[in-house]
Each structure stands twice: as C-alpha cells, then as structure tokens.
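Asker: Following this message is one structure expressed as structure tokens.
Bear in mind these aren't lab numbers, they're just calculated from the coordinates by the rules spelled out. Keep in mind the model is a prediction, meaning the values are calculated, not measured. All Cβ positions, glycine included, derive from the backbone under ideal geometry; neighbour counts span all protein chains shown.
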Amino acid sequence: MGKVKNSPWLLHYDGSSCNGCDIEVLATLTPLYDAERFGIENTGDPMQADILLITGGINTQNQEVVRQLYNQMPRPKVVVAVGVCACTGGVFKDCYNVLGGADSTIPVDIYVPGCAARPQAIIDGIVKAVELFQKRSDRHDRYEIEQKEGGNANG
C-alpha cells in the first residue's frame, strides 16, 4: 500500500455551483499551475479515488449522488470543499432546495473558501489533502499489520 499513498487519485464533483470554482479547479490541472506535480491524478471513478474535491452546494437533487460517491470511495479518504458554496451553501444557502455546504451530507476534512476559489488556494487545499491522506494511509497500514499479526497469533 506504500506506493498508493504517494500518488492519491482525485475525484472532482460539481454539486450545484455557478461553475466559477469548476473553471478554477480545471485551471489547477493545466500546465500553468500543474497540481499533478504534487502526486495527484485526476479520475472519474469513485472506487479508485482517494480525495473527493467537491464544488457547489448540496441540494435536494444531488444529495444522494454525493452520498453515493462518498460511500463508493475506499478508505482512507479525504474530502475537500472548494468555494464558499461547498463550504456553507454560499449565496444560494437560502434557496428552497439548497441544503447547505458539502458538510450537510458528508464529512468534510478541508475547506477552501473563495468565490470563486483561486487556483493557488485550491492547490493549497490539495496539498493539505495529500498530507492528510498520507497520515490516514499510514494509520490504516499500521492497523492492517496489527490485525494480520493478531490473526496469526490466534490462528
């Protein structure tokens, strides 16, 4: 598992945003900002993703989709909310169908505020997510070793 934690895969999901943050997220993946230099790889498959990067607020129509994506991701996993809408619901929080930020549905680890969040701030959030993922991955590795040793001693 050591090699996996050195290059976590990132899944980007747009909740219900104005697409301002989505454009900035895409900018971070271009050669100008090159977020992939930190070892992340963009994926569209939640079953292979380690980091969920979500933009936009959660509404009644996408709440189950967000839950499903989160539940399909293997552990350990990290969630990053990008933009004020993903953090709190933003300017849309008082709309009849908006439930709030991403943390109204799934646990969020890192918040990147801004409207729209700047690529530098998004990269900072991604770097923090990679560090957190590596810590959780190390803990997960130790847990698996302990379980394996405990299983062999009893078996």
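Asker: Between Pro31, Pro74, Pro46, which gets the highest mean-square fluctuation from a Gaussian network model of the chain, Cα cutoff 10 Å?
Answerer: Ranking Pro31, Pro74, Pro46 by mean-square fluctuation puts Pro31 first.
Asker: Give me the extension gain from Glu131 to Asn97: residue separation times 0.36 nm, minus the current Cα-Cα distance, reported in nm with one decimal.
Answerer: Working: separation 34, 0.36 × 34 = 12.24 nm, distance 3.47 nm.
Contour length minus Cα-Cα distance gives 8.8 nm.
Asker: Describe numerically, in nm with one decimal, the distance between label points set 7 Å from Cα along Cα→Cβ at Phe38 and at Tyr143.
Answerer: 2.4 nm
Asker: Give the Rg/Rh ratio for the stretch 51-119, taking Rg as the radius of gyration of the Cα atoms and Rh as the Kirkwood radius, to two decimals.
Answerer: A ratio of 0.96.
Asker: Still on this structure, please answer the following. What ranking do 75-87, 8-20, 130-142 get when scored by the average of other Cβ atoms within 10 Å per residue, highest first?
Answerer: Result, highest mean first: 75-87, 8-20, 130-142.
Asker: OK, next. Compute the relative contact order of the stretch 31-102 as a whole-number percentage, counting only Cα pairs closer than 8 Å that sit 6 or more residues apart in sequence.
Answerer: 36 percent
Asker: Quick check: the distance between the Cα centres of the stretch 5-69 and the stretch 128-144, to the nearest angstrom?
Answerer: Spelled out, the Cα-based centre of one part sits 20 Å from the other.
Asker: Under 11 Å from the Cβ of Phe38, count the other residues' Cβ atoms, weight Lys and Arg +1, Asp and Glu -1, and hand me the total.
Answerer: Values: positive: Arg37, Lys128; negative: Asp34, Glu36, Glu41, Asp124, Glu131.
Within the 11 Å Cβ shell, the charges total -3.
Asker: Please work out how many pairs of lysine residues in the chain are eight or more positions apart (or on different chains) and have Cα atoms closer than 21 angstrom.
Answerer: The result is 11.
Asker: Stokes-Einstein at 25 °C, 0.890 mPa s, Kirkwood radius from Cα pairs: D for the stretch 1-136 in µm² s⁻¹?
Answerer: Calculated translational D: 169 µm²/s.
Asker: While we're looking at this one, here's another question. If contacts are Cα pairs under 8 angstrom and at least 6 residues apart, what is the relative contact order of the chain in percent? Write out the running numbers ahead of the final one.
Answerer: Working: 290 pairs, mean separation 39.4, N = 155.
25 percent.
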